[in-house]
Amino acid sequence: MNGLNPNPRHTWAGPLHGAVSDRPAIAGPDAAAKRPHDGISLLGTTALLFEAPGETGLEVQRRIWSLAREAETWPEVREAVPGVNNLLVTWREPPRRLAPLADRLAAAWEAAPPLALEGRTVELPVVYGGEGGPHMADVVAHTGLSPEEIAEIHAAPLYPVYALGSHPGYCYLGGMDPRIATPRRKVPVLRIPGGAVSIGGSQTGVSASPGPSGWNTIGSTEMSFFDAARTPPALLQPGDSLRFRIAGVVR
Amino acid sequence: MTSPRTTSPLTRIPDLAAWLAASGLAELELRGPDGQVRLVRGGQAVAAPAAPGPRPKPAPGLVRSPGVGHFLTAHPLRAEPLAAPGERVAAGQPVGLLRVGSLLLAVTAPCAGTVIRVVAPEGALVGYGDPLVDIRPEA
Amino acid sequence: MIRLLACGALATVQDRGRLGALRWGVGVAGAMDAPALAGGNLLVGNPDDAAGIEIQVLPLEARFESEAVFAVTGADCTAVLDGVPVLPWTVARARAGATLRLDRPAAFRPWGARTYLCVAGGIDVPVVLGSRATQLRGAIGGLEGRSLQAGDALPLGRPAGDPPPPGTGLVPPVLALPLAVGGVPALRVLPAAEHDRYTTDSLAAFWGEPWRVTPQSDRYGFRLAGSTLVPLAPMELRSHGIVPGVIQVPHGGQPIIQMCDAQPSGGYPKIGTVIEADLWRLAQAPIGARIRFVETDWDGALAARDAIDGWLEAARRDLSCLRPRSAA
């Protein structure tokens, strides 16, 4: 452009990137050939993602909460945000060398004791199916269950809040019955309303405001999950619990 | 006024020296009504005030370079020139740009008039007082 | 104060973003082209955290209710202040009552997709959770958490000091730091966790072929069209935090690059992440444009970050030499 020579900085140093299990976890020569950390991968230069090994569960999540508390005390860390059995770590400035931070994270995980958070329980009435649950048919098709059965199975457990994410005030919940697990949609929906109760894979949740989503919406509820003027701004925290009550099933 | 004011360049020598060191230019010479200054990168900086050099002959419509840099006839994001021959320009309107380090400094018409000729070639390294654009002032 | 007389869709107040609110599910938002906002703030003498207006659809017309110094950065457009053309990426001064009109150029094919209007003092909307950036989802920050519209009055903060003189401009990063492969604008990518779980053909296409920016591309994300990316085996991941730049591959096999208003978490497989230092290039890719991905590593990504920081610091240093000082 304008006589300037495009000069892509294209380094072919090899696939030095984050990995799921069986390869060096961290890019850069300082990490190569050193002890790799399973489950640690990069999100560009902005963050690092730690995935806990094994099955998804509350015990593992309690260790994730513990790891988050620990990592947030490190000076280079801006935020340590729990996901579902994983942890996102953002930093103030990307470290020149990644290995020390990754080493510390791996060691902290090994040492992390389960942190039992005792929170509140909130009950939400849900109308399943109908206009407020446009993808109920897809869950019916995938599971072979009726809408009434799906509602009953969905409303049975007490769901622990594992993590916040997706959008302001949104909660990731643990404990959904695997019988109603349904894959995420092939093409995300551009707009689902606030209060949409949905299933994505083996997880369920309630959208806190209108927006795009790749999950299957099976019902709707009303609740203000987020208010920026409140301290803290989110209604629920990790460790709180949510119970759904069947307010109706529309076929 | 759109060009940097250099009414008293001698008071700005530390700034200028730092800037020169980082700009990639080898040498910087500024002349003003009250003297001149010449800075040489890497060498022993010469910063002595000297007697005013020969003043450029006054020519009301001739746009002269306000400093050292590369003269551009168009903004590098665009293709069309800022002032084409035959075009009427208003006083203060940019008729070219001076690229100095990371900066693009507008060179403006001193008076309203018609562009006769762009004197300096595109991309040329020009110094203080070098003629850039010739404008026929409006009566 | 400035008053919007005309305003296209999707113009928002943005600063460099809302950092540190991920724990509540609040993403970063902020300017899509961060160097354009940073350069604009430098030009008008603002601190780095000042807010400007991000403009996606032209025309936009604004009246300065009081005298103000401003700069128009980012994508090029025709800018006219009371009938007088204003140069891109250049300091200009508006008298009280002056009207600025930004429009799509008829005479030239513009570069870029997003233009920034930066005003000395910054757009002084309330700081919400540490930032003035508009986050449309959840209606946080900016002017009432929404896009701007004609009739809006935007308060200006107190200018921080003497800005550089009018007519002072910057060489934009697109000229100072160009990046293309085979004539196609390129983005450097760090492979992400699920990169190796795609077929050889898919990876060859991902790295080797151009991708088209589809009309379903906005501040949330850029949906791309090209070869279908096929995983070696179906993947269903647990939800995890993500950041702007993450390239997700939904089941349909067409990648989506998450952008500033993206959800701060997700569960689609991640093939890579566009490095932070190149997100502005994507922000300026218009709908229909083609882009290429170029693989990099940690050191390469940091060098790219240093380059863009270096551009900004050079601009800061050079501008400081021009700023009039009463003491000097």
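The values are calculated or read from the model by the stated rules, or taken from the named source; none is laboratory data. This is a predicted model, so every value here is computed, not measured. Neighbour counts are summed over all protein chains in view; Cβ atoms, including those assigned to glycine, are modelled from backbone coordinates with ideal geometry.
Details
- Filtered residue count, region C:147-169, keeping only those that are closer than 29 Å to C:Leu136 by Cα and within 14 Å of chain B (Cβ to nearest Cβ): 0
- Inside region B:65-108, residues that are within 20 Å of C:Cys321 (Cβ to Cβ), at the interface with another protein chain (Cβ under 8 Å from one of its Cβ atoms) and part of a loop (DSSP other than H, G, I, E, B) make up a count of 2.
- Taken over region C:1-38, the criterion of being more than 14 Å from chain A (Cβ to nearest Cβ), modelled with pLDDT of 95 or more and within 21 Å of C:Trp280 (Cβ to Cβ) is satisfied by C:Ala11, C:Thr12, C:Val13, C:Gln14, C:Asp15, C:Ala31, C:Met32, C:Asp33, C:Pro35, C:Ala36, C:Leu37, C:Ala38.
- Matching residues in region C:79-118 - criterion: being of a type in the set (Ser, Thr, Tyr) and surrounded by fewer than 20 Cβ atoms within 10 Å (Cβ to Cβ): C:Thr99
- Pair list, Cβ under 7 Å, 6 or more apart: region A:36-62 residue more than 7 Å from chain C (Cβ to nearest Cβ), other residue acidic (Asp, Glu): A:Gly39/A:Glu51; A:Pro53/A:Asp38
- Where strands (runs of 3 or more DSSP E) sit wholly within region C:59-103, those with at least 3 residues that are over 20 Å from the mean Cα position of the chain (by Cα) and more than 11 Å from chain B (Cβ to nearest Cβ) occupy C:60-64, C:99-103.
- Residues that are more than 21 Å from C:Leu190 (Cα to Cα) and either in contact (Cβ under 8 Å) with a residue 60 or more places away in the chain or of a type in the set (A, V, I, L, M) (or both), drawn from region A:81-108: A:Val81, A:Pro82, A:Gly83, A:Val84, A:Asn85, A:Ala106, A:Ala107, A:Ala108
- Checking each residue in region A:63-89 for being more than 7 Å from chain C (Cβ to nearest Cβ) and either aliphatic (A, V, I, L, M) or closer than 25 Å to C:Asp297 by Cβ (or both) picks out A:Ile64, A:Leu67, A:Ala68, A:Ala71, A:Trp74, A:Glu76, A:Val77, A:Ala80, A:Leu87, A:Val89.
- From the list C:Ile287, C:Ile256, the lone residue that is among the aliphatic types (A, V, I, L, M), farther than 30 Å from C:Thr168 by Cα and crowded, with 22+ Cβ neighbours inside 10 Å is C:Ile256.
- Residues in region C:54-92 that are in contact with a Ser or Thr (Cβ under 6 Å, 6 or more places away or on another chain) and aromatic (Phe, Trp, Tyr): 1 in all.
- Taken as a whole, the structure leaves C:Ala262 outside the set of residues that are under 27 Å from C:Thr12 (Cα atoms), of a type outside the set (Asp, Glu), more than 12 Å from chain A (Cβ to nearest Cβ) and touching a Gly at 6+ places or on another chain (Cβ under 9 Å).
- Single unsatisfied condition, C:Asp124 versus (1) touching a helix residue (DSSP H, G or I) at 6+ places or on another chain (Cβ under 6 Å); (2) crowded, with 17+ Cβ neighbours inside 10 Å: (1)
- Single match in C:Gly157, C:Gly83, C:Gly138, C:Gly97 (criterion: among the small types (Gly, Ala, Ser), at pLDDT 95 or above and at positive phi): C:Gly97
- The one condition in (1) part of a loop (DSSP other than H, G, I, E, B); (2) at the interface with another protein chain (Cβ under 8 Å from one of its Cβ atoms); (3) crowded, with 23+ Cβ neighbours inside 10 Å that C:Val174 fails to fulfil: (1)
- Top-ranked residue of region A:63-80 - restricted to ones that are β-branched (Val, Ile, Thr) and in contact (Cβ under 8 Å) with a residue 12 or more places away in the chain, ranked as surrounded by the most Cβ atoms within 10 Å (Cβ to Cβ): A:Ile64
- You will find that of A:Leu87, A:Leu101, A:Leu67, A:Leu49, the residue that is more than 22 Å from A:Tyr170 (Cα to Cα) and either of a type in the set (A, V, I, L, M) or part of a loop (DSSP other than H, G, I, E, B) (or both) is A:Leu101 and no other.
- Test set (1) in contact with a strand residue (DSSP E or B) (Cβ under 8 Å, 6 or more places away or on another chain); (2) surrounded by fewer than 21 Cβ atoms within 10 Å (Cβ to Cβ); (3) assigned to a helix (DSSP H, G or I) - A:Gly175 fails condition number: (3)
- When residues of region A:193-207 are limited to those that are in contact with a Gly (Cβ under 7 Å, 6 or more places away or on another chain) and within 7 Å of chain C (Cβ to nearest Cβ), the one farthest from A:Gly132 (Cα to Cα): A:Gly201
- When region A:208-231 is filtered for residues that are within 13 Å of chain C (Cβ to nearest Cβ), within 17 Å of A:Tyr172 (Cβ to Cβ) and in a loop (DSSP other than H, G, I, E, B), the ones remaining, listed by number, are A:Ala208, A:Ser209, A:Gly214, A:Trp215, A:Phe225.
- Residue in region A:153-167 that is out of contact with any helix residue (DSSP H, G or I) (no Cβ under 6 Å at 6 or more places or on another chain), part of a helix (DSSP H, G or I), among the small types (Gly, Ala, Ser) and away from chain C (no Cβ under 12 Å) present: yes
- In region B:73-107, the residue that is farthest from C:Pro166 (Cα to Cα) out of those that are crowded, with 24+ Cβ neighbours inside 10 Å and touching a Pro at 6+ places or on another chain (Cβ under 6 Å) is B:Leu82.
- Being under 30 Å from A:Leu87 (Cβ atoms) and of a type outside the set (Asp, Glu) is a description that does not apply to C:Ser227.
- When we screen C:Asn41, C:Asn46 for residues that are more than 14 Å from chain A (Cβ to nearest Cβ), in a loop (DSSP other than H, G, I, E, B) and not hydroxyl-bearing (Ser, Thr, Tyr), the only hit is C:Asn46.
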